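Only one structure is covered here, and it is reproduced in the block below.
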Amino acid sequence: MSAPALSFVHRFEPAVRPGPPPVLLLHGTGGDETDLIPLGRTVAPGAALLSPRGKVLEGGMPRFFRRLAEGVFDEDDLRRRADELAGFVDQARKAYGLSAPVALGFSNGANIAAAMLLLRPDAFAGAILIRAMEPFREASPVRLPGTPVLILSGSADPIVPIDNPKRLAATLAAAGAAVEHEILPGGHALIQADLVRSRAWMDRLAAG
Ligand code: MLT
């Protein structure tokens, strides 16, 4: 389907079967809107896929928000960009006739999805956050009653020390989200277990 002119360059694949919720794919640093399409097809077969390209460039590599150093976020920029991306999701939902999506984010994409959960709690029907970090040093109180969230971390991730996603899981759970946090035997890169866990979680979600 040719993409209408919305506020982010993006790819959209319409649903080919009823049931699974639409999926918002959020790539990592240096990725683009095509990157996670195969992951989306594997995790949520037949679901509508919406995949924007991050607007921030770091040495030519697209990201969703600025950082000051690896793992050190420009939180003002992150707040602005999370709002901007939530605006895109609203636009795309109207343009394509979608219900609230489940976010599926990797690394930088997981981090902006986590920020959106905390800033715009109605944006998502749920989220899979792969190699996510806590996005804010201090998060404002938010209510996420029952929002399903799967966090997948790597036990040997050199970018995300394991205490960090544990804090994120605790913050989201304290807000009322139904959080599952799994620590997989891996580093920062995607591994097969991410696909298997994400697919099983999505199947359960789609089955209601
Ligand atoms: C980030 O900046 O979001 C994290 O450091 C992950 C990354 O993009 O490498």
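For the reader, a short list of remarks on this structure follows.
- Only Lys, Arg (+1) and Asp, Glu (-1) charged, at Cβ; the stretch 10-207 dipole about Cα centre in debye: 400
- Pair Lys55, Lys166: separation of 7 Å Cα→Cβ label points (nm): 3.7
- Förster radius 30 Å - calculated FRET efficiency between Ile191 and Val72 (Cβ-Cβ, nearest 0.05): 0.70
- Computed on the Cα atoms alone, the convex hull of the stretch 1-153 gives a volume of 105 cubic angstrom per residue.
- Only helical runs count toward this figure. For the chain, summing -39,500 (n - 2.57) over DSSP H runs of n ≥ 4 and dividing by all residues gives -10500 deg cm²/dmol at 222 nm.
- Over all orientations, the stretch 79-208 has a Cα convex hull whose mean projected area works out to 7.6 square nanometres.
- Between Glu138 and Gln91, the C-beta separation translates, for a Förster distance of 22 Å, into a calculated FRET efficiency of about 0.15.
- Spin-label model distance (nm) - Asp122 vs Glu182, 7 Å beyond Cα toward Cβ: 3.2
Laboratory data are not the source of any read-out in this text; all were calculated from the coordinates shown. In this text the structure is predicted, and so the values were computed from the model without any measurement. Neighbour counts are summed over all protein chains in view; Cβ atoms, including those assigned to glycine, are modelled from backbone coordinates with ideal geometry.
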